[in-house]
Amino acid sequence: MFDFCTDPDSLETFRWMACYLTTGKHMGFYQSFATVLILLAVTAPVALSFGFGGAMAARSRIAPLSWFGKGYIAIVRGVPDIAFFLFFVIALDQLIEWARHKVICPDWTDPIRQGNDFVVCSAAKMPLGTAPQWIHEMYGFAIAVITFSIVFGAFAANVLFGAMRAVPKAQLETAAAYGMNDRQTFWRILVPQMWVYALPGLGNLWMVLIKATPLLFLLGIEDIVYWARELGGTKTERFTDYPHGDWRMWYFLALLVFYLAFTRVSEMALDKLMRKLTHGQATTGGEAQRRVEA
Amino acid sequence: MKNLILSTAALALTAGMALAGSHSVVRMGTEGAYPPYNFIDDNGEVAGFERELGDELCARAELTCEWVTNDWDSIIPNLVSGNYDTIIAGMSITDERKEKIDFTTNYTQPDPSAFLAMSADADLKGGVIAAQSNTIQASYIAESGATLVEFATPEETVAAVKNGEADAVLADKAYLEPIADSDADLAIVGESVLIGGGVGMGLRKSDTELRDKFTAAIDSMKADGTLNALIEKHGIGETF
């Protein structure tokens with residue numbers, strides 16, 4: 001990075017640190033912060049939409065749809081995250097490749113399952129074996145987003161399902177009395193009022209999601225915890241220009257600060273959102289706001 | 001000698017034609033946390049003995065190779081489901097692993113594993129010994145009668161000895177020696193033990209052509225002495 005970094009052994013502490021913290025390896029570490037933030041930014045809305053769909057399905061009057069919604073919530077909530085991440089991701093990847101294989105290579109005669117091996121024709125590989133590494137990484141990232149969304153979508157569905165039932169019946173009956181049909185009642189009366197009941201639960205989920213990102217390394221994505229462990233580990237002079245002892249504590253301390261700062265910012269944003277949502281609502285919070293203004 | 005190289009090159013070439021297209025890029029899966037076998041260097045690239053070896057093997061087999069890192073615990077499941085094509089991660093050839101995947105011929109001798117401990121009189125027979133999970137060292141300890149504590153990464157096994165959680169750690173001697181040299185508190189103790197059938201590249205059982213290509217390339221490196229030179233350069237252990 002800097003000109004004076006050619007011979008790190010001769011540098012005093014400050015310059016040594018400047019060189020050390022700008023090695024290619026550390027750049028990977030800094031990039032992984034962006035990876036985590038992007039993952040959160042993409043996953044949260046996708047998971048919320050999964051949750052909304054799940055909750056709508058679960059309260060549907062059509063029995064199979066309701067079974068599907070309730071089954072989704074029950075199964076995904078019941079399976080440990082780590083098992084889900086190890087099993088589901090490989091299964092999802094194989095499902096995609098299997099489907100592509102059936103379409104692209106109908107003439108293939110060899111079995112797809114050969115003992116432990118999963119073999120599809122090379123044109124059906126996802127991504128193609130010839131694709132550059134960044135495409136593989138993007139694909140892994142997309143799979144991670146889908147997996148996180150399915151897991152957290154199930155929790156969100158449960159929260160939203162409860163929130164929809166928490167909206168006072170009288171509100172819905174009044175809507176019916178005004179002549180609204182079911183659809184109008186749902187979108188105009190139920191949905192705007194349920195968020196205030198859902199937000200505490202969704203806020204919790206968001207906090208858990210922030211801290212669940214280290215599961216990313218199970219999917220082959222190098223996240224901040226992986227890099228902290230890798231960079232902080234003891235380095236002997238034979239393998240690096242910057243030998244040091246076990247510095248994992250310092251790296252994890254940096255992660256601690258990052259996570260605490262991030263959750264604090266999230267809390268403040270959620271508080272603000274809560275104030276906005278309670279405004280004008282027939283809840284204790286909304287009533288308190290009305291009195292302050294009156 | 002020259003003939004042998006020529007014939008392996010020819011073999012590699014014909015094998016390459018037979019397989020044209022299906023392996024235009026071979027993805028090499030490694031752990032990147034086990035120096036000197038494989039580690040991530042200051043630039044964030046995979047480096048070490050297996051990086052140099054793998055690049056040379058790919059050149060000899062006329063393959064384009066790409067390096068990927070993967071967690072040790074899920075390294076075999078990701079190979080068999082096709083996320084990469086080879087494992088080149090200091091993995092010893094054992095019968096247990098052979099049930100799931102195939103190996104090339106070994107490119108190191110059966111590795112001498114060594115104990116690293118804080119004191120010379122550590123109880124290696126009945127004490128608490130640390131090892132990385134899913135390794136030959138871990139199964140060796142489990143059978144030996146000592147108490148085994150397993151860790152996911154090699155780094156943690158050494159840390160367990162330093163903080164007193166374990167009496168000693170059993171790992172490849174080549175991995176432990178630089179650590180013993182650089183840390184005054186730690187030393188190699190007791191006798192080395194020979195376990196496993198040497199380190200080889202792991203491949204899917206269905207990928208026999210690729211396996212044969214790499215085996216041919218390894219044999220050609222054994223024959224012209226370049227493999228021995230690499231083993232000595234990185235301090236891996238016994239030469240062939």
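Please treat every number below as a calculation from the coordinates, not as lab data. This is a predicted model, so every value here is computed, not measured. All Cβ positions, even for glycine, are placed from backbone atoms using ideal geometry, and neighbour counts span all protein chains on display.
Structural remarks
- Three-way shape label, region A:3-293, alpha-carbon gyration tensor, a/c 1.5: oblate
- Contact order normalised by residue count of region B:112-194, Cα under 8 Å, 6+ apart, percent: 47
- In plain terms, the chain from B:GLU191 to B:PHE240 could stretch by 15.5 nm, reckoned as 0.36 nm per residue minus the Cα-Cα distance.
- For residues of A:229-241, the mean tally of beta carbons on other chains within 10 Å: 6
- Crossing angle, helix A:284-293 versus chain A [Cα axis fit, 0-90 degrees, rounded to tens]: 80
- Number of partner chain Cβ atoms within 10 Å, mean per residue of A:124-136: 3
- When only Cα pairs below 8 angstrom with a gap of at least 6 residues are kept, region A:105-215 shows a relative contact order of 22 percent.
- The mean count of C-beta atoms from other chains within 10 Å of the C-beta of residues in A:103-115, rounded to a whole number, is 1.
- Helical mean residue ellipticity (222 nm; -39500 (n - 2.57) per DSSP H run of 4+; nearest 500) of chain A: -23000 deg cm²/dmol
- Rel. contact order, % - alpha carbon contacts under 8 angstrom, at least six apart, chain A: 21
- Distance from region B:105-129 to region A:36-87 (C-alpha centre basis), Å: 48
- Kirkwood hydrodynamic radius (C-alpha pairs) into Stokes-Einstein, chain B, 10 °C and 1.306 mPa s, D in µm²/s: 86
- For the protein assembly as shown, the equivalent ellipsoid built from the Cα gyration tensor has semi-axes of 50, 31, 21 Å, listed from largest to smallest.
- For chain A, a Gaussian network of Cα nodes joined below 10 Å ranks A:THR22, A:THR283, A:THR240 by mean-square fluctuation, and the top entry is A:THR240.
- Measuring against 18 Å, Cα to Cα, the residue pairs A:LYS102/A:LYS125; A:LYS211/B:LYS162; B:LYS173/B:LYS222; A:LYS235/B:LYS162 contain A:LYS211/B:LYS162; B:LYS173/B:LYS222 as the ones spanning a longer distance.
- Backbone phi angles across region A:149-162, fed through the Karplus curve with coefficients 6.51, -1.76 and 1.60 (θ = phi - 60°), yield HN-Hα couplings of 5, 5, 5, 6, x, 5, 5, 5, 4, 5, 5, 5, 4, x Hz in residue order; Gly and Pro are listed as x.
- In plain terms, chain A is cut at each of the chymotrypsin sites (Phe, Trp or Tyr not before Pro) found in a DSSP loop with at most 12 other Cβ atoms within 10 Å, and the longest leftover piece is A:3-177.
- Nearest-ten-degree value, helix A:248-278 long axis tilted from longest Cα axis of chain A: 20
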